[in-house]
Amino acid sequence: MSNRWLLPENIADVLPGKSNLVEILRREILDVFQSYGYELVIPPMLEYIESLLTATGSDMDLQTFKLVDQVSGRTLGLRADMTTQVARIDAHILNRQNIARLCYAGTTLQTRVVPGIFSREQLQVGAEVYGYQGIEADIEVIKLMIEALKIAQVGPITLDVTHAGLLKDILDKKHLSVEDISEVYRYLQAKDKSGLQNLMHSWDLVAKNTILSLLDLSGDAQQVLTQAHKTLPKSEVSKKVLNDLEQFCLGIKKSSLDIKLNIDLADLDGFQYHTGILCAAYVPQYPVAIARGGRYDQVGHAFGRSRPATGFSVDLIALAGLSTKKVITPAIMAPWDDSDTLRNMIASLRSQGEVVIESFPGHEHNESTMICDRCLVFKDQTWQVVPKN
């Protein structure tokens, strides 16, 4: 018989102390979202599989747990990501004509561990803007992403920026197979020039040279932009891409002077359904991006409304594991007593936001992550809070 206390591989409990930090981060981050006008939505944990996999590609299909609904007989999925759920809510449930700012926080599950990430379960928190095409929305959501990371006090932040527009324009015109498109992204990610040349041997010279030039456009944001103006073709698409990147970098730098900004126009692996600016945030002591964001204007198409959309998400459990934020919960120790005066005193203290722990008879020593630095004692005919010896 297996040990009943064992959990599935790459699934873990979040214990006292860290769980308290996770909850504090969730509250503070959602409060920041609300201060920007974002409205909280709570999508269900499972949906019909067709809805969950809309516009997310084959990778998400492999990452999604599936089960059969005993009521309808249809296949359900446990969400591995919440973006398409929020897109469904915007497109089909809210059906607003103007801008919608939505945020969320909830558990996601994946069938396999993503390289560099250590759990198949995440507590995903994110914010998204629907209905606005301008770069201002991209700047706003990434500013929120940076604020969320700063709340967690995870150290210096490096923001890697790219843009899907140039490559998407070329690939859309080529009418390639899904396999060939994936190969292009893979070779770009690996900076594999010979692999790209072999794949593009029959392409026109402009498209071929444009994609090959992306391999060298990486590094400090300002330097890459200067180089890109010299090497990219003078087309309307490249002009818009460079204008987007310039406006975006300027907007982020104005609000976050301490952020290191890099651009890598070849770093597009895994972003096949994105359409514009894309960002990945990196912090010390974490091998992969701690947060990702970007524009995905086609995400609502399958739900009947292809609205402009941009957003970001971060895993709160991973964020808490990196956080240097000090969370100390002071508490007051009280004796177990049914006297009305003591009960009223305890109720009053709790209503003021104090934590009061009542000691059960014979168990006066409390084991907890909370710090009992005061106690309630009966002194001078009244109950008083005094420092604990």
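The values are calculated or read from the model by the stated rules, or taken from the named source; none is laboratory data. Fair warning: this is a prediction, and the values are worked out from it, not measured in the lab. In this analysis, Cβ positions are derived from the backbone assuming ideal geometry, glycine residues included, and neighbour counts consider all displayed protein chains.
Quick check on this structure: which one of 50, 23, 28 is over 30 Å from residue 325 (Cα atoms) and assigned to a helix (DSSP H, G or I)?
Every option except 50 fails the conditions.
State whether one or more residues within the range 30-37 are modelled with pLDDT under 95, more than 17 Å from the chain's Cα centre (by Cα) and not polar (S, T, N, Q).
no
Only residues that are within 15 Å of the chain's Cα centre (by Cα) and either of a type in the set (Lys, Arg) or under 14 Å from residue 284 (Cα atoms) (or both): list them for the range 140-156, please.
143, 149, 150, 152, 154
Taking the range 149-169 as the region of interest, how many residues are in a helix (DSSP H, G or I) and modelled with pLDDT under 95?
Summing the residues that are in a helix (DSSP H, G or I) and modelled with pLDDT under 95 in the range 149-169 gives 5.
Which residues, taken from the range 200-219, are farther than 14 Å from residue 170 by Cα and among the acidic types (Asp, Glu)?
Listed by number, the list holds a single entry, 216.
Would you confirm whether any residue within the range 67-84 is in a helix (DSSP H, G or I), among the hydrophobic types (A, V, I, L, M, F, W, C), surrounded by 15 or more Cβ atoms within 10 Å (Cβ to Cβ) and at negative phi?
No, that holds for no residue.
If we scan the range 49-56, do we find a residue that is exposed (fewer than 13 other Cβ atoms within 10 Å of the Cβ) and either in contact with an Asp or Glu (Cβ under 7 Å, 6 or more places away or on another chain) or in the same structural domain as residue 140 (by TED's automatic domain parsing) (or both)?
yes
For the range 190-293, which fully contained helices (runs of 4 or more DSSP H) count at least 1 residues that are in contact (Cβ under 8 Å) with a residue 60 or more places away in the chain?
Here the list reads 221-231, 236-255.
For the range 297-350, enumerate the residues that are aromatic (Phe, Trp, Tyr) and not assigned by TED's automatic domain parsing to the domain that holds residue 89.
336
Any idea which of 80, 137, 105 is assigned by TED's automatic domain parsing to the domain that holds residue 34, within 17 Å of the chain's Cα centre (by Cα) and free of Cβ contacts under 8 Å to residues at least 40 places away in the same chain?
None of the others qualify; the one that does is 80.
Checking residue 224 against (1) touching a Ser or Thr at 6+ places or on another chain (Cβ under 9 Å); (2) over 30 Å from residue 250 (Cα atoms); (3) among the β-branched types (Val, Ile, Thr), only one condition comes out false. Which one?
Among (1) touching a Ser or Thr at 6+ places or on another chain (Cβ under 9 Å); (2) over 30 Å from residue 250 (Cα atoms); (3) among the β-branched types (Val, Ile, Thr), residue 224 violates only (2).
Does residue 307 qualify as being in contact (Cβ under 8 Å) with a residue 60 or more places away in the chain, among the charged types (D, E, K, R) and buried (at least 17 other Cβ atoms within 10 Å of the Cβ)?
yes
What do you reckon, is residue 129 within 20 Å of residue 292 (Cβ to Cβ), part of a loop (DSSP other than H, G, I, E, B) and touching a residue at least 40 places away in the same chain (Cβ under 8 Å)?
no
Could you pull out the residue among 345, 333 that is part of a strand (DSSP E or B), free of Cβ contacts under 8 Å to residues at least 60 places away in the same chain and not charged (D, E, K, R)?
333
Determine, yes or no, whether residue 64 is exposed (fewer than 15 other Cβ atoms within 10 Å of the Cβ), modelled with pLDDT of 90 or more and over 29 Å from residue 24 (Cβ atoms).
No.
Would you check which residues across the range 220-258 are surrounded by 13 or more Cβ atoms within 10 Å (Cβ to Cβ), basic (Lys, Arg) and farther than 17 Å from residue 170 by Cα and list them?
253
Any idea which residue in the range 322-355 is farthest from residue 14 (Cα to Cα), counting only those that are loosely packed, with under 15 Cβ neighbours inside 10 Å and of a type in the set (Gly, Ala, Ser)?
339
Looking for something surrounded by fewer than 12 Cβ atoms within 10 Å (Cβ to Cβ), assigned to a helix (DSSP H, G or I) and at pLDDT below 95 - is there at least one such residue anywhere in the range 312-321?
no
Going through the range 361-387 one residue at a time, which ones are in a strand (DSSP E or B) and either free of Cβ contacts under 8 Å to residues at least 40 places away in the same chain or charged (D, E, K, R) (or both)?
Those that are in a strand (DSSP E or B) and either free of Cβ contacts under 8 Å to residues at least 40 places away in the same chain or charged (D, E, K, R) (or both): 373, 374, 377, 378, 379, 384, 386, 387.
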